[in-house]
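Sending over a structure as structure tokens; questions will come in a sec.
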Amino acid sequence: MGRIGKTQNEQDSRQAPQGGVGSLSRGRFRFRKEERIRHRQDFQLALRYGTRRHTKHYTVILRPNDLQFSRLGVTVSKSVGNAVKRNRVKRCLREFFRLHKHGLPPSHDFVIIAKKGAATLAYQDVREELAPVLLTNNGV
């Protein structure tokens, strides 16, 4: 006859490890749902009242918010490239935000608009272009 239940050792081996270095960094470097600007009204408020900073491949709009954390919104138009290229640009920008959100000004909404040519950049190029504009300590 087959077993119906699992032994205690089998159940414990499938659970995520508790504590350790991995669990500490997992929460700190996540890009949570509430850290995304998802509503049209939030984008429009940032566009209307935010301050703009320009780089060669991006327009960055900053607007203070009343939240205890910063949020990111990304806009990539068809002029940047096809869907594959646009999605890659968005992934690179989200990765920059995820890794550097603790060095960004707190309690701000960031809307990043990609310009033509942004699809050709590697992540390192994105970091080098955005770090001087966004990071508060400019040394990452």
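Bear in mind these aren't lab numbers, they're just calculated from the coordinates by the rules spelled out. All values derive from a computational prediction rather than experimental measurement. Here the Cβ is made from the backbone with ideal geometry for all residues, glycine too, and neighbour counts use every protein chain on show.
Would you work out which of Thr59, Phe110, Phe69 lies farthest towards the positive end of the dipole of the range 33-134, given +1 charges on the beta-carbon of Lys and Arg and -1 on that of Asp and Glu, about the Cα centre?
Checked the options; the winner is Thr59.
Of all DSSP beta bridges located in the range 54-121, what percent are antiparallel, nearest 5? If you can, show how the numbers build up before the last one.
Working: 8 of 14 bridges.
Rounded to the nearest five, the antiparallel share is 55 percent.
Could you compute Rg(Cα) / (2.2 N^0.38 Å) for the range 33-134, with N its residue count? Walk me through the intermediate numbers first.
Numbers: Rg = 12.7 Å, N = 102, 2.2 N^0.38 = 12.8 Å.
Dividing the Cα Rg of the range 33-134 by 2.2 N^0.38 Å gives 0.99.
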